[in-house]
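Undergrad: Take this structure, written in structure tokens, and hold onto it; I'll ask about it next.
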Amino acid sequence: MARILITSALPYINGIKHLGNLVGSQLPADLYARYMRARGHEVMFICATDEHGTPAELAAAKAGEEVSAYCARMHAVQAELARGFGLSFDHFGRSSSPQNRDLTQHLAARLAKAGLIEQVSESQVYSPADGRFLPDRYITGTCPACGYENARGDQCENCTKQLDPTDLINPRSAISGATDLEVRATRHLFLRQSALRARLDAWIDSQQGWPVLTTSIAKKWLHDGDGLQDRGITRDLDWGIPVQFDGAPWEGMEDKVFYVWFDAPIEYIAATAEWAEAQGLSDAAWRRWWRTDAGADDVRYVQFMGKDNVPFHTLSFPATLIGANFDGTEPWKLVDYIKSFNYLNYDGGQFSTSQGRGVFMDQALEILPGDYWRWWLLSHAPESSDSEFTWENFQAGVNKDLADVLGNLVSRVTKFCRSKFGETVPEGGAPGAREAALRAALEGRLRAYERHMEAMEVRKSAAELRALWVLGNEYLQEAAPWAAFKNDPAQAAMQIRLALNLIRVYAVISQPFIPDAAARIMAALGSGDWSWPDDLAGALEVLPPGQGFMVPDVLFAKIGDEQRAEWAARFSGQRAEA
RNA sequence: GGGCCUGUAGCUCAAUUGGUCAGAGCAGAGCGCUCAUAACGCUUUGGUUGGGGGUUCGAGUCCCUCCGGGCCUACCA
């Protein structure tokens, strides 16, 4: 039994995430977590809401709430949606937790002690009307290069020229529209990542088999131009983790907070501490996952994220942890494997939170249960390149794979048995060559499925699982128990007993993809044996003759053409305000 | 501008990192079955692997070039 630590990129707090966000991190992370638990490994699956930063403040203001109240409310909303999608976090934390505050301040202090923190004076645009410093992209104005009037302070979206906010003509606040902007001097802490560049480079080089997407992005940042740049880790905001030093104000840093990207990954650790507290456990319970001097040396740590998150997970966060261990007294667990994903597009364009384009998690669950989405999204995960959601493809995938291949199989087997033998696993008959061939075919595909799941090859895993389901239909067609029943009822009994057991095995192995449907199958069959079919022959005899079962309700309803058309129309345009 | 990824049958994707690999699923066509959510099974039609050139005994697989799509480019997170 191995110990596996799994983290999903943290969903940001300002609103409900769309399906692209879901399939890029939380969903595949959950798939892996469920699979590893099913294989008997000890798993710690951590996620949390990422709550700090300017967008959270603005979203709260827009909602007319205190930012802390807003975050608490949205955290509850996101947690509920996560449950709806069957996301099996061991803990779904909050980056605003006391644990994260303490740990973030602690790690910053360690980095300072290591000489990896530097105070830098810089000029920032301040908006008196908004009462805040404005991040570059919250300043808009006319692009000096192309004349586009809504250019952002970091880059003109029209001509793609990179800008400095002070380049803009007629700059104004993107928040209030205020034009009385001024440039003020401010001081910030910088993490001297550049000092760790060689360490990070060697560390990346030492990793085996990481996705190209992961390493190429990391390498780009390490070697592009002047190499890895130091990074500001503080901001002039109210909402965030105060920049303090062992509880005392950090000189010159009064009224500042840590940059959200500094504290967000630290929340992976802090959330584990939150978990320990919630479980009534001691610090040792979470430290054995995160400190190699406290038991984490045999932990395998896997992170899941969209490609936009890669730089922070390959560079900044490792730099934080490596730097904090400058004297060898705080060996933090570094990630062992980073599974990164491309983007899921929506029907020819991008999902857009701001434009309300695409399907959001709450809307998805209003339409259909989580399993439908889990299956389609995972079987189309954007692993090698961006992939695309279309209602036609969604309908086809759900109807064919879930309703026809798996759902109908469960239906035909249980209903046939009920009509010929009653709702009891029938006895009699002896397996023959056909059954041996089925077992061999299952064995081959099951091991392939396991290999793909181990390797986090999400789409290949889904394809293999589907192929396993198909074997059931093939067997039934060949065995034809409805024909055998006429002349040799015992033969038919054996065949259908095997089929019932096969369905149970399908429930067990399909559980990582479609946990709810799997549970319904198991409940209908009256089985609570979720053990993985390492011994396939044995697993196919778990349901003994005489055991009662029930015909389950239709596992997956089909999506009709009219319904599909209606949904396509409903989600094409502006999302109604939630 | 720079960097990275990507372009394989109508659609979604595979091809053990140069050696029968040109494949699967869906869609289409035909046949079969009738237990089942008009479901299932079998057979089958589609591709000169974006265009062009090159290396090699041999290239979706390597090189050059052109065309198309996407992402990143460090103060959104």
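Undergrad: Just for helices (runs of 4 or more DSSP H) wholly inside the stretch A:461-578: which have at least 3 residues that are within 26 Å of residue A:82 (Cα to Cα)?
TA: A:489-510, A:515-525, A:561-570
Undergrad: Which of (1) in contact with a helix residue (DSSP H, G or I) (Cβ under 6 Å, 6 or more places away or on another chain); (2) buried (at least 23 other Cβ atoms within 10 Å of the Cβ); (3) in a helix (DSSP H, G or I); (4) not basic (Lys, Arg) is the odd one out, the single condition residue A:70 does not satisfy?
TA: Of (1) in contact with a helix residue (DSSP H, G or I) (Cβ under 6 Å, 6 or more places away or on another chain); (2) buried (at least 23 other Cβ atoms within 10 Å of the Cβ); (3) in a helix (DSSP H, G or I); (4) not basic (Lys, Arg), only one is false for residue A:70: (2).
Undergrad: Moving on. Would you mention how many residues in the stretch A:29-59 are within 16 Å of RNA strand B (Cβ to nearest atom), in a helix (DSSP H, G or I) and buried (at least 23 other Cβ atoms within 10 Å of the Cβ)?
TA: Residues that pass the stated criteria total 1.
Undergrad: Can you find even one residue in the stretch A:213-225 that is within 15 Å of RNA strand B (Cβ to nearest atom), in a helix (DSSP H, G or I), among the aliphatic types (A, V, I, L, M) and touching a His at 6+ places or on another chain (Cβ under 8 Å)?
TA: Within the stretch A:213-225, not a single residue is within 15 Å of RNA strand B (Cβ to nearest atom), in a helix (DSSP H, G or I), among the aliphatic types (A, V, I, L, M) and touching a His at 6+ places or on another chain (Cβ under 8 Å).
Undergrad: Do we find a residue being of a type in the set (Phe, Trp, Tyr), buried (at least 23 other Cβ atoms within 10 Å of the Cβ) and more than 18 Å from residue A:6 (Cβ to Cβ) anywhere in the stretch A:300-312?
TA: Looking through the stretch A:300-312, none of the residues is of a type in the set (Phe, Trp, Tyr), buried (at least 23 other Cβ atoms within 10 Å of the Cβ) and more than 18 Å from residue A:6 (Cβ to Cβ).
Undergrad: Wholly within the stretch A:297-361, which strands (runs of 3 or more DSSP E) include no fewer than the required count, namely at least 3 residues that are within 16 Å of the chain's Cα centre (by Cα)?
TA: Those strands (runs of 3 or more DSSP E) span A:299-306, A:337-341.
Undergrad: Being within 30 Å of residue A:380 (Cβ to Cβ) and touching a residue at least 24 places away in the same chain (Cβ under 8 Å) is true for just one of A:448, A:463, A:479, A:455. Which residue is that?
TA: One residue alone meets the criteria, A:463.
Undergrad: Next up: Could you identify the single residue in A:459, A:418, A:520, A:497 that is among the basic types (Lys, Arg) and modelled with pLDDT under 95?
TA: After ruling out the rest, the residue left standing is A:459.
Undergrad: Right, here's the next one. Counting only residues that are crowded, with 18+ Cβ neighbours inside 10 Å and at negative phi, which one in the stretch A:420-434 is nearest to RNA strand B (Cβ to nearest atom)?
TA: A:421
Undergrad: Given the structure, is residue A:492 closer than 30 Å to residue A:211 by Cα and either more than 8 Å from RNA strand B (Cβ to nearest atom) or modelled with pLDDT under 95 (or both)?
TA: Criteria not met by residue A:492.
Undergrad: Still on this structure, please answer the following. Quick one: in the stretch A:394-419, of everything that is within 8 Å of RNA strand B (Cβ to nearest atom) and basic (Lys, Arg), which residue is farthest from residue A:524 (Cα to Cα)?
TA: A:400
Undergrad: With respect to the numbered conditions (1) buried (at least 20 other Cβ atoms within 10 Å of the Cβ); (2) assigned to a loop (DSSP other than H, G, I, E, B), which one is the sole condition not fulfilled by residue A:208?
TA: With (1) buried (at least 20 other Cβ atoms within 10 Å of the Cβ); (2) assigned to a loop (DSSP other than H, G, I, E, B) applied to residue A:208, the lone miss is (1).
The values are calculated or read from the model by the stated rules, or taken from the named source; none is laboratory data. Note that the coordinates shown come from a computational prediction; the quantities given were computed from them, not determined experimentally. Positions of Cβ are generated from backbone atoms using ideal geometry, with glycine treated the same way; all protein chains shown enter the neighbour counts.
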